[in-house]
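These notes are about the structure you will find just below.
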Amino acid sequence: MSDTLANTNNLKSSDNREKKDISIVIIDYGAGNIQSIKFAIQRLGAQALLSNDAEIIKAADKVIFPGVGEASSAMEKLIATGLDKVIPQLKQPVLGICLGMQLMCNYSQEGHTKGLGIFDVDVLKFSNKVKVPQIGWNTLTNLKSELFSGIKNEEYMYLVHSYYAPLCDDTIAITNYDIEYSSALKKDNFYGVQFHPEKSSTAGEILLKNFLEL
Amino acid sequence: MLTKRIIPCLDIKNGRTVKGVNFIDLRDAGDPVELAALYAKNGADELVFLDISATEERRKTLADLVLHVSEKVNIPFTVGGGISSVEDVDILLKCGADKVSINSSAVKNPELINKLSAKFGSQCVVVAIDAKQIDGNWKVHLVGGKVPTELDLFEWAKEVEKRGAGEILFTSMDHDGTKNGFANKALAKLSTELNIPIIASGGAGNNQHFIDTFVEGKSDAALAASVFHFKEIEINDLKAELKAHDIPVRL
(Lines give C-alpha, C1' and ligand atoms only; values in the text may rest on other atoms or scores of the structure.)
Protein backbone atom coordinates (compact mmCIF):
# COMPACT_ATOMS: atom_id res chain seq x y z
CA MET A 1 0.00 0.00 0.00
CA SER A 2 1.59 3.21 -1.14
CA ASP A 3 -0.40 5.42 1.23
CA THR A 4 1.28 4.08 4.33
CA LEU A 5 4.34 6.32 4.27
CA ALA A 6 2.19 9.37 3.73
CA ASN A 7 -0.02 8.32 6.64
CA THR A 8 2.93 7.98 8.95
CA ASN A 9 4.29 11.37 7.99
CA ASN A 10 0.93 12.98 8.55
CA LEU A 11 0.68 11.75 12.10
CA LYS A 12 2.42 14.69 13.70
CA SER A 13 -0.25 17.08 12.55
CA SER A 14 -2.94 14.93 14.10
CA ASP A 15 -4.85 15.84 17.26
CA ASN A 16 -4.20 12.65 19.12
CA ARG A 17 -0.51 13.31 19.11
CA GLU A 18 0.64 11.24 22.02
CA LYS A 19 -0.60 7.90 20.72
CA LYS A 20 -0.04 8.55 17.05
CA ASP A 21 3.51 9.81 17.37
CA ILE A 22 4.83 6.32 17.95
CA SER A 23 6.31 4.87 14.81
CA ILE A 24 5.07 1.36 14.28
CA VAL A 25 6.52 -0.77 11.53
CA ILE A 26 5.02 -4.03 10.29
CA ILE A 27 7.72 -6.10 8.62
CA ASP A 28 6.55 -6.74 5.06
CA TYR A 29 8.48 -9.70 3.65
CA GLY A 30 5.75 -11.22 1.52
CA ALA A 31 4.44 -13.74 4.04
CA GLY A 32 1.06 -13.07 5.43
CA ASN A 33 -2.08 -11.14 5.96
CA ILE A 34 -0.47 -7.86 6.94
CA GLN A 35 -3.41 -5.75 5.82
CA SER A 36 -5.47 -7.03 8.77
CA ILE A 37 -2.75 -6.07 11.25
CA LYS A 38 -2.43 -2.62 9.71
CA PHE A 39 -6.19 -2.11 10.02
CA ALA A 40 -6.21 -3.40 13.62
CA ILE A 41 -3.57 -0.81 14.56
CA GLN A 42 -5.65 1.79 12.74
CA ARG A 43 -8.73 0.85 14.80
CA LEU A 44 -6.66 1.67 17.90
CA GLY A 45 -6.16 5.19 16.57
CA ALA A 46 -2.56 4.68 15.46
CA GLN A 47 -0.93 4.10 12.08
CA ALA A 48 1.56 1.47 11.04
CA LEU A 49 4.02 1.51 8.20
CA LEU A 50 4.67 -1.60 6.12
CA SER A 51 8.34 -2.01 5.28
CA ASN A 52 11.10 -4.49 4.55
CA ASP A 53 13.79 -1.79 4.76
CA ALA A 54 16.31 -2.61 7.50
CA GLU A 55 16.95 1.05 8.35
CA ILE A 56 13.24 1.90 8.69
CA ILE A 57 12.69 -1.21 10.81
CA LYS A 58 15.66 -0.41 13.06
CA ALA A 59 14.45 3.16 13.57
CA ALA A 60 10.89 2.19 14.58
CA ASP A 61 9.62 2.45 18.15
CA LYS A 62 7.64 -0.77 17.78
CA VAL A 63 8.10 -3.59 15.31
CA ILE A 64 5.47 -6.17 14.39
CA PHE A 65 6.71 -9.34 12.72
CA PRO A 66 3.74 -11.13 11.10
CA GLY A 67 3.62 -14.34 9.15
CA VAL A 68 1.15 -16.74 7.63
CA GLY A 69 2.00 -19.73 5.48
CA GLU A 70 4.83 -22.22 5.41
CA ALA A 71 7.87 -21.84 7.71
CA SER A 72 10.81 -22.78 5.48
CA SER A 73 9.69 -20.61 2.55
CA ALA A 74 9.01 -17.67 4.88
CA MET A 75 12.49 -18.15 6.38
CA GLU A 76 13.99 -18.15 2.88
CA LYS A 77 12.29 -14.82 2.23
CA LEU A 78 13.82 -13.39 5.42
CA ILE A 79 17.27 -14.63 4.43
CA ALA A 80 16.90 -13.26 0.88
CA THR A 81 16.19 -9.78 2.26
CA GLY A 82 18.83 -9.99 5.02
CA LEU A 83 16.13 -9.51 7.65
CA ASP A 84 17.19 -12.73 9.37
CA LYS A 85 20.23 -10.78 10.59
CA VAL A 86 18.34 -7.58 11.37
CA ILE A 87 15.46 -8.88 13.50
CA PRO A 88 17.46 -10.61 16.29
CA GLN A 89 19.51 -7.40 16.77
CA LEU A 90 16.50 -5.13 17.31
CA LYS A 91 16.41 -3.31 20.65
CA GLN A 92 12.85 -1.94 20.64
CA PRO A 93 9.77 -4.06 21.51
CA VAL A 94 9.14 -6.62 18.74
CA LEU A 95 5.91 -8.63 18.46
CA GLY A 96 5.94 -11.79 16.36
CA ILE A 97 2.50 -13.03 15.35
CA CYS A 98 1.65 -16.65 14.42
CA LEU A 99 4.33 -17.83 11.97
CA GLY A 100 6.32 -14.72 12.95
CA MET A 101 6.50 -16.07 16.50
CA GLN A 102 7.44 -19.54 15.25
CA LEU A 103 10.27 -18.14 13.11
CA MET A 104 11.65 -16.40 16.22
CA CYS A 105 12.31 -19.88 17.71
CA ASN A 106 15.41 -22.02 17.15
CA TYR A 107 13.98 -24.40 14.58
CA SER A 108 10.72 -25.49 12.96
CA GLN A 109 9.71 -28.99 12.00
CA GLU A 110 7.73 -27.40 9.16
CA GLY A 111 10.13 -27.69 6.22
CA HIS A 112 12.89 -28.47 8.76
CA THR A 113 14.08 -24.90 8.83
CA LYS A 114 16.37 -23.06 11.18
CA GLY A 115 14.72 -20.08 12.87
CA LEU A 116 16.00 -16.76 14.19
CA GLY A 117 17.02 -18.35 17.50
CA ILE A 118 15.50 -15.68 19.74
CA PHE A 119 13.33 -18.07 21.75
CA ASP A 120 15.21 -21.17 22.84
CA VAL A 121 12.65 -23.73 21.72
CA ASP A 122 11.93 -25.93 18.67
CA VAL A 123 8.58 -25.72 16.87
CA LEU A 124 6.83 -29.09 16.42
CA LYS A 125 3.76 -30.44 14.62
CA PHE A 126 0.55 -31.35 16.46
CA SER A 127 -0.03 -35.11 16.63
CA ASN A 128 -2.75 -36.96 14.72
CA LYS A 129 -4.75 -37.32 17.92
CA VAL A 130 -6.30 -33.92 17.17
CA LYS A 131 -7.54 -32.23 14.01
CA VAL A 132 -4.79 -30.33 12.26
CA PRO A 133 -4.78 -27.35 11.74
CA GLN A 134 -6.25 -26.14 14.99
CA ILE A 135 -8.71 -23.50 13.80
CA GLY A 136 -10.74 -21.37 16.16
CA TRP A 137 -10.94 -19.76 19.57
CA ASN A 138 -9.04 -21.30 22.45
CA THR A 139 -8.20 -20.12 25.96
CA LEU A 140 -4.98 -18.66 27.34
CA THR A 141 -3.88 -19.42 30.89
CA ASN A 142 -0.85 -18.72 33.11
CA LEU A 143 -0.54 -15.20 31.69
CA LYS A 144 2.82 -13.79 32.70
CA SER A 145 3.53 -10.46 31.06
CA GLU A 146 2.47 -6.83 30.88
CA LEU A 147 1.36 -7.76 27.36
CA PHE A 148 -1.71 -9.30 29.04
CA SER A 149 -2.63 -6.36 31.30
CA GLY A 150 -6.40 -6.17 31.52
CA ILE A 151 -6.81 -9.59 29.87
CA LYS A 152 -8.35 -12.21 32.11
CA ASN A 153 -7.04 -15.70 32.64
CA GLU A 154 -8.84 -18.11 30.26
CA GLU A 155 -9.56 -15.35 27.76
CA TYR A 156 -10.26 -16.58 24.22
CA MET A 157 -8.01 -15.76 21.29
CA TYR A 158 -8.27 -16.84 17.65
CA LEU A 159 -5.69 -19.39 16.49
CA VAL A 160 -4.96 -21.08 13.17
CA HIS A 161 -1.92 -23.35 13.17
CA SER A 162 -0.58 -26.85 12.63
CA TYR A 163 2.74 -26.39 14.48
CA TYR A 164 3.34 -25.20 18.05
CA ALA A 165 6.08 -24.10 20.41
CA PRO A 166 6.31 -26.42 23.43
CA LEU A 167 6.44 -25.00 26.96
CA CYS A 168 9.83 -23.48 27.79
CA ASP A 169 11.52 -20.84 29.98
CA ASP A 170 10.20 -18.07 27.71
CA THR A 171 6.52 -19.15 27.94
CA ILE A 172 4.21 -16.32 29.03
CA ALA A 173 0.86 -17.92 28.12
CA ILE A 174 -0.32 -21.52 27.86
CA THR A 175 -2.97 -23.04 25.61
CA ASN A 176 -4.11 -26.64 25.52
CA TYR A 177 -4.68 -28.47 22.24
CA ASP A 178 -3.32 -31.98 21.98
CA ILE A 179 -0.93 -30.91 24.77
CA GLU A 180 -0.16 -27.77 26.74
CA TYR A 181 1.98 -25.47 24.60
CA SER A 182 3.25 -21.88 24.49
CA SER A 183 0.63 -19.56 23.03
CA ALA A 184 2.91 -16.62 23.86
CA LEU A 185 6.65 -16.23 24.43
CA LYS A 186 8.85 -13.44 25.72
CA LYS A 187 12.57 -12.86 25.91
CA ASP A 188 13.96 -9.41 26.70
CA ASN A 189 12.39 -7.01 24.17
CA PHE A 190 11.00 -9.84 22.02
CA TYR A 191 7.38 -10.99 22.30
CA GLY A 192 5.69 -13.69 20.28
CA VAL A 193 2.04 -14.73 20.15
CA GLN A 194 0.71 -17.80 18.39
CA PHE A 195 -2.82 -16.37 18.18
CA HIS A 196 -3.95 -13.54 15.93
CA PRO A 197 -4.62 -10.47 18.12
CA GLU A 198 -5.79 -8.60 15.01
CA LYS A 199 -8.60 -11.16 14.65
CA SER A 200 -9.32 -11.81 18.33
CA SER A 201 -12.09 -9.29 18.91
CA THR A 202 -11.82 -7.00 21.97
CA ALA A 203 -9.27 -9.15 23.81
CA GLY A 204 -6.93 -8.99 20.83
CA GLU A 205 -7.32 -5.23 20.68
CA ILE A 206 -6.34 -4.91 24.34
CA LEU A 207 -3.22 -6.97 23.69
CA LEU A 208 -2.18 -4.87 20.70
CA LYS A 209 -2.82 -1.71 22.70
CA ASN A 210 -0.65 -3.09 25.52
CA PHE A 211 2.13 -3.79 23.06
CA LEU A 212 1.95 -0.28 21.63
CA GLU A 213 2.14 1.13 25.15
CA LEU A 214 5.22 -0.91 26.20
CA MET B 1 -10.23 -25.73 25.27
CA LEU B 2 -10.86 -25.13 21.58
CA THR B 3 -14.43 -23.93 21.18
CA LYS B 4 -17.12 -24.75 18.63
CA ARG B 5 -17.65 -21.89 16.21
CA ILE B 6 -20.86 -20.14 15.15
CA ILE B 7 -20.58 -18.66 11.66
CA PRO B 8 -23.19 -16.39 10.04
CA CYS B 9 -23.06 -16.46 6.24
CA LEU B 10 -23.74 -13.33 4.20
CA ASP B 11 -24.73 -13.69 0.56
CA ILE B 12 -23.29 -10.85 -1.48
CA LYS B 13 -24.35 -9.54 -4.86
CA ASN B 14 -22.56 -6.59 -6.42
CA GLY B 15 -21.13 -5.61 -3.04
CA ARG B 16 -24.46 -5.75 -1.18
CA THR B 17 -26.10 -8.36 1.04
CA VAL B 18 -28.89 -10.07 -0.84
CA LYS B 19 -30.83 -12.35 1.43
CA GLY B 20 -33.44 -10.22 3.12
CA VAL B 21 -32.18 -9.14 6.46
CA ASN B 22 -34.30 -7.88 9.29
CA PHE B 23 -32.14 -5.72 11.47
CA ILE B 24 -34.02 -2.69 12.71
CA ASP B 25 -30.91 -1.42 14.45
CA LEU B 26 -28.95 -1.21 11.21
CA ARG B 27 -28.90 1.96 9.21
CA ASP B 28 -28.40 -0.01 6.03
CA ALA B 29 -29.15 -3.71 6.18
CA GLY B 30 -27.77 -4.12 2.68
CA ASP B 31 -24.33 -2.95 3.75
CA PRO B 32 -22.28 -6.09 4.36
CA VAL B 33 -19.65 -4.21 6.35
CA GLU B 34 -22.14 -2.85 8.84
CA LEU B 35 -23.87 -6.20 9.17
CA ALA B 36 -20.53 -7.98 9.64
CA ALA B 37 -19.45 -5.57 12.37
CA LEU B 38 -22.77 -6.10 14.16
CA TYR B 39 -22.37 -9.89 14.02
CA ALA B 40 -18.83 -9.59 15.35
CA LYS B 41 -20.11 -7.50 18.24
CA ASN B 42 -22.94 -9.95 18.95
CA GLY B 43 -20.72 -12.99 19.41
CA ALA B 44 -20.16 -14.48 15.95
CA ASP B 45 -16.88 -16.40 15.93
CA GLU B 46 -16.24 -16.01 12.22
CA LEU B 47 -18.04 -14.80 9.12
CA VAL B 48 -18.45 -16.16 5.62
CA PHE B 49 -19.13 -13.92 2.62
CA LEU B 50 -20.50 -15.78 -0.36
CA ASP B 51 -20.38 -13.72 -3.53
CA ILE B 52 -23.09 -14.58 -6.06
CA SER B 53 -22.56 -11.69 -8.49
CA ALA B 54 -22.13 -12.50 -12.12
CA THR B 55 -20.95 -9.19 -13.53
CA GLU B 56 -17.73 -8.32 -15.30
CA GLU B 57 -16.65 -6.14 -12.38
CA ARG B 58 -17.28 -8.77 -9.74
CA ARG B 59 -13.63 -9.39 -8.92
CA LYS B 60 -12.91 -5.75 -8.20
CA THR B 61 -16.17 -5.22 -6.30
CA LEU B 62 -15.41 -8.24 -4.14
CA ALA B 63 -11.83 -7.13 -3.47
CA ASP B 64 -13.11 -3.70 -2.42
CA LEU B 65 -15.64 -5.29 -0.11
CA VAL B 66 -12.99 -7.51 1.48
CA LEU B 67 -10.81 -4.49 2.10
CA HIS B 68 -13.68 -2.64 3.80
CA VAL B 69 -14.63 -5.63 5.94
CA SER B 70 -11.01 -6.10 6.97
CA GLU B 71 -10.82 -2.45 7.94
CA LYS B 72 -13.83 -2.60 10.27
CA VAL B 73 -14.21 -6.16 11.53
CA ASN B 74 -12.05 -7.72 14.26
CA ILE B 75 -12.91 -11.40 13.78
CA PRO B 76 -11.79 -13.80 11.03
CA PHE B 77 -13.71 -14.10 7.78
CA THR B 78 -13.82 -16.34 4.73
CA VAL B 79 -14.67 -15.28 1.20
CA GLY B 80 -16.18 -17.61 -1.39
CA GLY B 81 -17.97 -17.56 -4.72
CA GLY B 82 -16.47 -17.77 -8.17
CA ILE B 83 -12.86 -18.10 -7.00
CA SER B 84 -10.99 -20.16 -9.56
CA SER B 85 -7.32 -19.17 -9.65
CA VAL B 86 -4.24 -18.56 -7.54
CA GLU B 87 -4.40 -14.94 -8.64
CA ASP B 88 -8.01 -14.53 -7.36
CA VAL B 89 -6.93 -15.83 -3.98
CA ASP B 90 -3.80 -13.70 -3.85
CA ILE B 91 -5.86 -10.53 -4.28
CA LEU B 92 -8.47 -11.49 -1.66
CA LEU B 93 -5.86 -12.46 0.94
CA LYS B 94 -3.91 -9.27 0.30
CA CYS B 95 -7.10 -7.29 0.87
CA GLY B 96 -7.41 -8.93 4.28
CA ALA B 97 -9.50 -12.10 3.89
CA ASP B 98 -8.35 -14.79 6.31
CA LYS B 99 -9.53 -17.73 4.24
CA VAL B 100 -11.05 -18.39 0.87
CA SER B 101 -13.60 -21.01 0.01
CA ILE B 102 -13.56 -22.84 -3.31
CA ASN B 103 -16.25 -25.17 -4.56
CA SER B 104 -16.94 -25.91 -8.24
CA SER B 105 -13.46 -24.79 -9.28
CA ALA B 106 -11.97 -27.43 -6.98
CA VAL B 107 -14.07 -30.16 -8.57
CA LYS B 108 -13.21 -29.02 -12.10
CA ASN B 109 -9.54 -28.52 -11.26
CA PRO B 110 -8.56 -30.42 -8.09
CA GLU B 111 -4.92 -29.38 -8.55
CA LEU B 112 -6.01 -25.86 -7.54
CA ILE B 113 -6.27 -27.08 -3.93
CA ASN B 114 -2.63 -28.23 -4.00
CA LYS B 115 -1.49 -24.97 -5.56
CA LEU B 116 -3.35 -22.80 -3.06
CA SER B 117 -2.20 -24.70 0.00
CA ALA B 118 1.40 -24.73 -1.22
CA LYS B 119 1.41 -21.00 -1.91
CA PHE B 120 -0.72 -19.63 0.93
CA GLY B 121 -0.83 -22.47 3.49
CA SER B 122 -3.64 -24.93 4.05
CA GLN B 123 -5.00 -22.82 6.92
CA CYS B 124 -6.59 -20.41 4.44
CA VAL B 125 -8.03 -22.99 2.02
CA VAL B 126 -11.62 -23.99 2.74
CA VAL B 127 -13.17 -26.43 0.31
CA ALA B 128 -16.95 -26.09 0.18
CA ILE B 129 -18.83 -29.22 -0.80
CA ASP B 130 -22.53 -29.25 -1.70
CA ALA B 131 -24.04 -32.72 -1.72
CA LYS B 132 -27.35 -34.52 -1.66
CA GLN B 133 -28.42 -38.12 -1.40
CA ILE B 134 -29.26 -39.99 -4.57
CA ASP B 135 -30.50 -43.55 -3.97
CA GLY B 136 -29.02 -43.40 -0.49
CA ASN B 137 -25.57 -42.24 -1.65
CA TRP B 138 -24.22 -38.77 -0.98
CA LYS B 139 -23.26 -37.24 -4.33
CA VAL B 140 -21.39 -33.98 -4.79
CA HIS B 141 -23.32 -31.29 -6.68
CA LEU B 142 -22.14 -28.14 -8.43
CA VAL B 143 -23.57 -24.69 -9.17
CA GLY B 144 -25.29 -24.29 -5.83
CA GLY B 145 -26.50 -27.87 -5.87
CA LYS B 146 -28.08 -27.77 -9.32
CA VAL B 147 -25.66 -29.96 -11.25
CA PRO B 148 -25.01 -33.51 -10.00
CA THR B 149 -21.61 -35.14 -10.38
CA GLU B 150 -20.46 -38.72 -10.04
CA LEU B 151 -18.29 -37.82 -7.06
CA ASP B 152 -19.03 -39.50 -3.74
CA LEU B 153 -19.07 -36.99 -0.87
CA PHE B 154 -16.77 -38.97 1.42
CA GLU B 155 -14.25 -39.90 -1.28
CA TRP B 156 -14.11 -36.31 -2.50
CA ALA B 157 -13.73 -35.01 1.05
CA LYS B 158 -10.79 -37.34 1.65
CA GLU B 159 -9.21 -36.25 -1.60
CA VAL B 160 -9.47 -32.54 -0.78
CA GLU B 161 -7.91 -33.20 2.63
CA LYS B 162 -5.05 -35.07 0.97
CA ARG B 163 -4.56 -32.23 -1.51
CA GLY B 164 -4.12 -29.73 1.31
CA ALA B 165 -7.51 -28.26 2.25
CA GLY B 166 -7.43 -26.84 5.78
CA GLU B 167 -11.15 -27.11 6.38
CA ILE B 168 -14.32 -28.47 4.77
CA LEU B 169 -17.60 -26.58 4.59
CA PHE B 170 -20.23 -29.23 3.94
CA THR B 171 -23.70 -28.14 2.85
CA SER B 172 -26.40 -30.76 2.63
CA MET B 173 -28.73 -29.77 -0.22
CA ASP B 174 -31.29 -32.11 1.31
CA HIS B 175 -31.34 -30.05 4.50
CA ASP B 176 -30.60 -26.54 3.23
CA GLY B 177 -33.61 -24.26 3.68
CA THR B 178 -35.67 -26.87 5.55
CA LYS B 179 -34.93 -25.58 9.06
CA ASN B 180 -35.16 -29.20 10.19
CA GLY B 181 -31.60 -29.62 11.42
CA PHE B 182 -28.19 -30.37 9.94
CA ALA B 183 -27.14 -33.59 8.14
CA ASN B 184 -25.59 -34.98 11.30
CA LYS B 185 -24.98 -38.57 10.20
CA ALA B 186 -22.97 -37.50 7.18
CA LEU B 187 -21.23 -34.79 9.22
CA ALA B 188 -20.21 -37.27 11.93
CA LYS B 189 -18.82 -39.61 9.27
CA LEU B 190 -16.81 -36.78 7.72
CA SER B 191 -15.55 -35.64 11.10
CA THR B 192 -14.49 -39.14 12.09
CA GLU B 193 -12.88 -40.14 8.81
CA LEU B 194 -11.04 -36.86 8.22
CA ASN B 195 -8.52 -35.05 10.38
CA ILE B 196 -9.37 -31.44 9.43
CA PRO B 197 -12.16 -29.27 10.86
CA ILE B 198 -15.66 -29.70 9.41
CA ILE B 199 -18.14 -26.82 9.17
CA ALA B 200 -21.80 -27.88 9.11
CA SER B 201 -24.14 -25.98 6.79
CA GLY B 202 -27.75 -26.37 5.75
CA GLY B 203 -30.78 -26.96 7.94
CA ALA B 204 -30.38 -24.68 10.96
CA GLY B 205 -33.80 -23.78 12.38
CA ASN B 206 -33.44 -23.60 16.15
CA ASN B 207 -30.92 -23.85 19.00
CA GLN B 208 -31.39 -27.59 19.38
CA HIS B 209 -30.17 -28.10 15.81
CA PHE B 210 -26.85 -26.52 16.75
CA ILE B 211 -26.57 -28.66 19.89
CA ASP B 212 -27.28 -31.73 17.77
CA THR B 213 -24.72 -30.92 15.10
CA PHE B 214 -21.98 -30.37 17.66
CA VAL B 215 -22.85 -33.50 19.67
CA GLU B 216 -24.23 -36.02 17.15
CA GLY B 217 -22.69 -34.47 14.04
CA LYS B 218 -19.29 -33.96 15.71
CA SER B 219 -19.03 -30.69 13.73
CA ASP B 220 -16.31 -28.21 14.57
CA ALA B 221 -18.34 -25.20 13.46
CA ALA B 222 -21.86 -24.48 12.27
CA LEU B 223 -22.89 -22.01 9.60
CA ALA B 224 -26.30 -20.47 9.01
CA ALA B 225 -27.79 -17.48 7.24
CA SER B 226 -31.50 -16.71 7.51
CA VAL B 227 -32.03 -17.74 11.15
CA PHE B 228 -29.44 -15.14 12.10
CA HIS B 229 -30.44 -12.51 9.53
CA PHE B 230 -34.09 -12.66 10.62
CA LYS B 231 -33.13 -12.78 14.30
CA GLU B 232 -34.91 -16.08 14.78
CA ILE B 233 -31.76 -17.01 16.66
CA GLU B 234 -29.62 -14.51 18.59
CA ILE B 235 -26.02 -15.67 18.59
CA ASN B 236 -25.35 -14.82 22.24
CA ASP B 237 -28.49 -16.68 23.38
CA LEU B 238 -27.54 -19.64 21.23
CA LYS B 239 -24.05 -19.73 22.71
CA ALA B 240 -25.39 -19.50 26.26
CA GLU B 241 -27.60 -22.50 25.55
CA LEU B 242 -24.72 -24.43 23.99
CA LYS B 243 -22.66 -23.72 27.09
CA ALA B 244 -25.49 -24.97 29.30
CA HIS B 245 -25.22 -28.22 27.35
CA ASP B 246 -21.47 -28.44 28.09
CA ILE B 247 -20.52 -27.55 24.53
CA PRO B 248 -17.40 -25.33 24.63
CA VAL B 249 -18.12 -21.88 23.18
CA ARG B 250 -16.56 -18.44 23.44
CA LEU B 251 -18.84 -16.21 25.49
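Table for the structure above
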{"read-out": "A:Ser108 within 14 Å of another protein chain (Cβ to nearest Cβ), more than 21 Å from B:Lys115 (Cα to Cα) and out of contact with any His (no Cβ under 9 Å at 6 or more places or on another chain)", "value": "yes"}
{"read-out": "Only listed residue being within 13 Å of chain A (Cβ to nearest Cβ) and touching a helix residue (DSSP H, G or I) at 6+ places or on another chain (Cβ under 6 Å), chosen from B:Leu194, B:Leu169", "value": "B:Leu194"}
{"read-out": "Top-ranked residue in region A:137-154 [being surrounded by fewer than 24 Cβ atoms within 10 Å (Cβ to Cβ) and in a strand (DSSP E or B); ranked as farthest from the other protein chains (Cβ to nearest Cβ)]", "value": "A:Thr141"}
{"read-out": "Residues being within 14 Å of chain A (Cβ to nearest Cβ) and either buried (at least 19 other Cβ atoms within 10 Å of the Cβ) or farther than 24 Å from B:Val249 by Cα (or both) - total across region B:38-74", "value": "19"}
{"read-out": "B:Lys179 being at positive phi, under 18 Å from the mean Cα position of the chain (by Cα) and within 14 Å of chain A (Cβ to nearest Cβ)", "value": "no"}
{"read-out": "Meets criteria (crowded, with 21+ Cβ neighbours inside 10 Å and either within 13 Å of chain B (Cβ to nearest Cβ) or without any contact (Cβ under 8 Å) to a residue 60 or more places away in the chain (or both)) for A:Tyr164", "value": "yes"}
{"read-out": "Hits in region B:107-136 (condition: farther than 26 Å from A:Lys77 by Cα and either surrounded by fewer than 23 Cβ atoms within 10 Å (Cβ to Cβ) or within 14 Å of chain A (Cβ to nearest Cβ) (or both))", "value": "B:Val107, B:Lys108, B:Asn109, B:Pro110, B:Val127, B:Lys132, B:Gln133, B:Ile134, B:Asp135, B:Gly136"}
{"read-out": "Region B:75-100 - residue that is among the small types (Gly, Ala, Ser) and at the interface with chain A (Cβ under 9 Å from one of its Cβ atoms) and, of those, farthest from A:Val160 (Cα to Cα)", "value": "B:Gly96"}
{"read-out": "Failed condition for A:Ala46, given (1) in a helix (DSSP H, G or I); (2) touching a residue at least 60 places away in the same chain (Cβ under 8 Å)", "value": "(1)"}
{"read-out": "From A:Lys85, A:Lys38, residue being touching a helix residue (DSSP H, G or I) at 6+ places or on another chain (Cβ under 9 Å), surrounded by 22 or more Cβ atoms within 10 Å (Cβ to Cβ) and part of a helix (DSSP H, G or I)", "value": "A:Lys38"}
{"read-out": "Number of the exception - A:Asp122 against (1) in contact with a helix residue (DSSP H, G or I) (Cβ under 8 Å, 6 or more places away or on another chain); (2) over 21 Å from A:Val63 (Cβ atoms)", "value": "(1)"}
{"read-out": "Residue satisfying all of: in region A:181-199; within 13 Å of the chain's Cα centre (by Cα) and in a loop (DSSP other than H, G, I, E, B); farthest from the other protein chains (Cβ to nearest Cβ) among these", "value": "A:Asn189"}
{"read-out": "A:Lys131 of a type in the set (Lys, Arg) and either under 17 Å from the mean Cα position of the chain (by Cα) or not in a loop (DSSP other than H, G, I, E, B) (or both)", "value": "no"}
{"read-out": "Unmet requirement for A:Ala74, which otherwise passes all of (1) over 23 Å from A:Ser200 (Cβ atoms); (2) in contact with a Phe, Trp or Tyr (Cβ under 9 Å, 6 or more places away or on another chain); (3) modelled with pLDDT under 95; (4) not polar (S, T, N, Q)", "value": "(1)"}
{"read-out": "Strands (runs of 3 or more DSSP E) wholly inside region B:139-235 containing at least 2 residues that are modelled with pLDDT of 95 or more and under 23 Å from B:Thr17 (Cα atoms)", "value": "B:167-172, B:198-201, B:221-224"}
{"read-out": "Criterion: small (Gly, Ala, Ser) and modelled with pLDDT of 95 or more - qualifying residue of B:Ala118, B:Ala128", "value": "B:Ala128"}
{"read-out": "Residues satisfying the stated conditions in region A:171-185, i.e. of a type outside the set (Gly, Ala, Ser) and either out of contact with any Gly (no Cβ under 8 Å at 6 or more places or on another chain) or surrounded by fewer than 21 Cβ atoms within 10 Å (Cβ to Cβ) (or both)", "value": "A:Thr171, A:Ile172, A:Ile174, A:Thr175, A:Asn176, A:Tyr177, A:Asp178, A:Ile179, A:Glu180, A:Tyr181"}
{"read-out": "Count - residues of region B:107-134 that are more than 14 Å from the chain's Cα centre (by Cα) and part of a helix (DSSP H, G or I)", "value": "14"}
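The values are calculated or read from the model by the stated rules, or taken from the named source; none is laboratory data. All figures in this text were calculated on a predicted structure; none of them were measured in a lab. For neighbour counting, all protein chains shown are included, and Cβ atoms are generated from backbone atoms with ideal geometry for every residue, glycine included.
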